[in-house]
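Below you'll find the structure, written out as structure tokens, and then a few comments.
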Amino acid sequence: MIRPRCRAVRSEGHEVAPAPVARHYERFLKHGGVKTTPHAPTARVLERMFRMPVGDLFGSASAVRELEPGGSARAPAPPVLDESELLMTARDAASHASEAASLHLHELTLDQLHDDLAHLARTYGQTVPGEVYRNATNLLNQAQVLVERTRSPEQHTRLYYAAAQASAMLAAVSFDLGALAPAVTFARSSAQYGKTINNGPVQAYAYGMMAFMAFWGGRPGEAVRLAKSGQQFGGLGDTARRRLYSIEARAHGHLRNEDQAERAVRDALGQSSGRRDELHDDIGGEFAFDAARTAMSNATTCLLLRNAEGAEEFATRALALVHARPADEQQIPVSGPAAVDLARARLLRNQVEGAQEALTTVFHVPPGWRGSGLLERLTAARIELTRTEFRNAPVALELAEQIEAFSALSPTRRLGAANPLAIEA
């Protein structure tokens, strides 16, 4: 290319230097390699080749300005793309898309996790607490692992919801096993998962659990606050509100606030708008709060207020509702505490033989089912038997010994749990 340019310049009568060789180009292209502009013969050839003044050719890039006709500045021409660069970009895009697709879980995996959690919740009342704990732990671990394997926001929501349910059941079963500190931690974890996905019902359930454990741990004022906070979450059905009002009533009972306790009991019984939510109603089970459990809770509230007649009425109703179900659907976590509440209501009325009758079925509960709720109610009944009226009664002494022997085999005792009373003497 350069030789024709040289001949053209020579034909015009100009002196032309020999054509630049490789070492000339290396010096031209090397940064700082050219200190002065080339001699005139070489400069004329370069100007003819590149159609620019030789000063601009060897000047700094930032100082170069090409002028369009009319003197307007023109931006440097964009680099020319070649096919290899396009293919490289396309391969990068395909690789990233493939990676994203691989981090999307199969929906059947999430469906199975949902079904397993629903089954565990619905069979909670018929499953030994130790087995519930193991199954819920496995499901929580599964949800935590899967959430790291997907980039789908929708799947993240489902997995955090699953983790919230598993944590909630771990809170409930930890309490049943007498481990209050882990129970509180699991309940808080459930609430945090629920907050992450803005799920009102699961947060309400967790707050109810924390309120329940607050009055059980001797903090009834905090329990009232937590129960009221739970009632403020959106999307709650009647079942969720019935549960929270029942827990609030228990907390007021611990405070000996009769008016507020009775008001909360009425509010619990008055939830009949027909509203539902998925957690408490569609999944149900441990998350549900049916008429039997409501009656059992109200019986305990009446006992806190020393209302023997009201306690006996609610406890009798709870037992009737439980026993009306098929045998394989009867829940010991409801029937056991209700029977103990019935016994204590009778002790308040000095009916020790009636109390012994009410406890007959309780003493047949297998050791694995002797959870905190049952044990602490029995402790309260044992304290009732120390009253002066029963001190020398053979039936009372026999009943006290049965309670002590029954309690000794509870898993809550084997775990070294403390004995905060659900019902104070």
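Quick check, is G194 under 18 Å from E278 (Cβ atoms) and either open to solvent by 20 Å² or more (accessible area, probe 1.4 Å) or free of Cβ contacts under 8 Å to residues at least 60 places away in the same chain (or both)?
Here the answer is yes, as G194 does meet what is asked.
Restricting attention to segment 314-329, which residues are in contact (Cβ under 8 Å) with a residue 12 or more places away in the chain and within 17 Å of E286 (Cα to Cα)?
Listed by number, the residues that qualify are A318, L321, V322, D328, E329.
Looking at segment 253-262, can you tell me whether even one residue there is in a loop (DSSP other than H, G, I, E, B) and buried (at least 21 other Cβ atoms within 10 Å of the Cβ)? So that I can check it myself, show each step before the final result.
Of all residues in segment 253-262, those in a loop (DSSP other than H, G, I, E, B) come to 255-257.
Next cut, buried (at least 21 other Cβ atoms within 10 Å of the Cβ) only: none.
So far as segment 253-262 goes, no, none of its residues is in a loop (DSSP other than H, G, I, E, B) and buried (at least 21 other Cβ atoms within 10 Å of the Cβ).
Kindly indicate whether any position in segment 356-370 is within 36 Å of the chain's Cα centre (by Cα), of a type in the set (F, W, Y) and under 24 Å from V173 (Cα atoms).
yes
What are the residues in segment 306-324 that are more than 35 Å from the chain's Cα centre (by Cα), among the hydrophobic types (A, V, I, L, M, F, W, C) and open to solvent by less than 40 Å² (accessible area, probe 1.4 Å), if any?
If the condition is that a residue be more than 35 Å from the chain's Cα centre (by Cα), among the hydrophobic types (A, V, I, L, M, F, W, C) and open to solvent by less than 40 Å² (accessible area, probe 1.4 Å), then A308, A311 are the ones that fit.
Consider E286 carefully, then state whether it is open to solvent by 10 Å² or more (accessible area, probe 1.4 Å), free of Cβ contacts under 8 Å to residues at least 24 places away in the same chain and part of a helix (DSSP H, G or I).
Numbers: open to solvent by 10 Å² or more (accessible area, probe 1.4 Å): yes; free of Cβ contacts under 8 Å to residues at least 24 places away in the same chain: no; part of a helix (DSSP H, G or I): yes.
So E286 fails the test.
S272 - would you say it is part of a helix (DSSP H, G or I), of a type in the set (S, T, Y) and in contact (Cβ under 8 Å) with a residue 24 or more places away in the chain? First the steps, then the outcome.
Working: part of a helix (DSSP H, G or I): no; of a type in the set (S, T, Y): yes; in contact (Cβ under 8 Å) with a residue 24 or more places away in the chain: yes.
It is false that S272 is part of a helix (DSSP H, G or I), of a type in the set (S, T, Y) and in contact (Cβ under 8 Å) with a residue 24 or more places away in the chain.
Looking at segment 211-242, which of the residues that are open to solvent by 30 Å² or more (accessible area, probe 1.4 Å) and part of a helix (DSSP H, G or I) is modelled with the lowest pLDDT?
F212
The values are calculated or read from the model by the stated rules, or taken from the named source; none is laboratory data. What you see is a predicted model; the values in this text were computed from it and never measured. Every residue, glycine among them, receives a Cβ derived from its backbone with ideal geometry; neighbour counts consider all protein chains shown. Note: accessible area is taken over every heavy atom of the protein model, side chains too, but ligands, DNA and RNA are not part of it. Shrake-Rupley method; radii C 1.70, N 1.55, O 1.52, S 1.80 Å.
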